[in-house]
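Q: Got a structure here, written out as structure tokens. Questions coming.
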Amino acid sequence: MRLRPDKDRPPRILIVAGEASGDLHGASLARELRARVPDCELFGIAGERMRATGVRALVNVEEIAGLGVVELASTIGRTLSAMRMLIRLLKRDPPDLVILIDYADFNLFFARFARRAGVPVLYYIVPQVWAWRRGRIAKLVRRSDRLAVVFPFEEQVYAAGGERVTFVGHPLLDIARPAADRTATLARHGFPPAARLLSLMPGSRRGEVLHLLPPMAQAARLLSDRRGLIPVILLAPTLTAADLRAAAGDAIAGMRIISGDSYSIIAASELALVASGTATLETALLGCPMVIAYKMSPLSYAIARALVRGVGSIGMPNILAGRRIVPELIQREVTADNLVRAGEPMLDEPVRSETIAALNTTRSRLGAPGAAARVAEIALGMIA
């Protein structure tokens, strides 16, 4: 491993986050690093949140986010260009440390070049290869100097890494909190005091939104007619309102699109329709009943099915619980009628209270708050 050449200058740390969730956690980590070493140089692949903390973006997350084999075609050129640029950087002006955040294929490939260049690698929020590519576990351990895992069972999954693997707790414990209570949230966004909200979270990538938003919007109209719910589409920071309209057109006409206050809206909602991913765990921590949905192109799904092994659920709340506590719909199951059929029972007692109680147990399985602070200590210890 390459030793830090000049300890009298501030450390230079390359952070790679390729998706909205990675950008969220990368921003928290950047703040913790700066709190300890204010003049450290942070740069890499960064989204809006990381850039706001002062991380210098060599590539913007928004330029390379993709979904599935087919959907990646639109971003593959930019993604390959980003990879080549980072590899050249390793050779020309190597950083003191590389921190990789999720983003499985890209980061696992890049880790190989970082190790070859002698730059230490810290993998934070390791990809869920235990669910879909278990054969890559050994490769991930081999290419990382340290692994900071966020689920307790991952310590056993990566046991081959020994003391190099540390369970740091889940960073969402510090992040997934509403900014205001229900009354204040409704007032802030101009909803009536008795409004009953339905949150739509169709994903953070255009491919997800294209497949999920139309049936979610149709289901929202049905639930609005039947149960008086007011649909609210929560806009991911990697997307624009124009992306939503391009995906769903007239299906979302008249629906509110809100960005920047997602946690408060979710906490104030009666129900959420959520794309499988980090948002399901956020919604669980906020205590909102949900229907988890996922849909991709037929080819991408066929490949994904061939890779997934030994996991009976796609939603992390269900995986953590070891049972189906909220409904899941996949591929052809994702229709407006099915979304309504799955979600409507959670609007009534006793199913509603039972679901919320089950979701609340998720928090106890995620360790203690302070994950980003613990990862910052590991990172700085690697280059001390």
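None of the figures in this text is laboratory data; all of them are computed from the coordinates on show. What you see is a predicted model, and the numbers here were worked out from it, not measured in a lab. Using ideal geometry, Cβ is built from the backbone for each residue, glycine included, and neighbour counts are taken over all protein chains shown.
Q: Any idea what the dipole of the chain comes to, in debye rounded to 20, about its Cα centre with Lys/Arg Cβ at +1 and Asp/Glu Cβ at -1?
A: About 1200 debye.
Q: In debye, nearest 20: dipole of the stretch 182-365 around its Cα centre with unit charges on the Cβ of K, R (+) and D, E (-)?
A: That gives the stretch 182-365 a dipole magnitude of about 280 debye.
Q: So, in nm, how far is label residue 80 from label residue 360 when the simple model puts each one 7 Å beyond its Cα toward the Cβ?
A: 5.3 nm
Q: How big is the Kirkwood radius of the stretch 19-128, worked out from every pair of different alpha carbons and given in Å to one decimal?
A: 14.3 Å
Q: Now a separate question. Could you give the length gained by full extension between residue 138 and residue 245, i.e. 0.36 nm per residue of separation minus their alpha carbon distance, to one decimal place?
A: In short, 34.3 nm is gained.
Q: Mind checking which of 289, 161, 33 is farthest towards the positive end of the chain's charge dipole, using Cβ charges of +1 (Lys, Arg) and -1 (Asp, Glu) about the Cα centre?
A: With unit charges placed on the Cβ atoms, the residue in question is 161.
Q: Placing +1 on the Cβ of each Lys and Arg and -1 on the Cβ of each Asp and Glu in the chain, which of 125, 186, 280 has its Cα farthest towards the positive end of the resulting dipole?
A: It is 125.
Q: Lys and Arg at +1, Asp and Glu at -1: add these up for the other residues within a Cβ distance under 11 Å of residue 255 and post the number.
A: Summing Lys/Arg as +1 and Asp/Glu as -1 gives +2.
Q: Can you give me the relative contact order of the chain as a percent, contacts being Cα pairs under 8 Å and 6 or more apart?
A: 17 percent
Q: Still on this structure, please answer the following. For the chain, I need the span (max minus min coordinate) of the C-alpha atoms along each principal axis, in Å, sorted largest to smallest.
A: The Cα atoms of the chain stretch 66, 43, 39 Å along the principal axes, largest first.
Q: Need the C-alpha centroid separation for the stretch 191-235 versus the stretch 368-384, integer Å.
A: So the two Cα centres are separated by 38 Å.
Q: Roughly how many nanometres apart are two label points built 7 Å out from the Cα toward the Cβ at residue 184 and residue 34?
A: Each label point lies 7 Å from its Cα, and together they span 2.5 nm.
Q: Please state the shape class of the stretch 182-365: rounded when a/c is under 1.5, otherwise prolate if a/b exceeds b/c and oblate if not, all from the C-alpha gyration tensor.
A: Oblate, because a/c is 1.5 or more while a/b does not exceed b/c.
Q: Moving to a separate point now. Could you calculate the contour length gain from residue 333 to residue 257, that is, 0.36 nm times the residue separation minus the distance between their Cα atoms, to one decimal place in nm?
A: Extra length available between residue 333 and residue 257 comes to 24.8 nm.
Q: Length gain on complete extension for the stretch residue 166 to residue 41, per 0.36 nm per residue less the alpha carbon to alpha carbon distance?
A: Using 0.36 nm per residue and subtracting the Cα-Cα distance, I get 42.5 nm.
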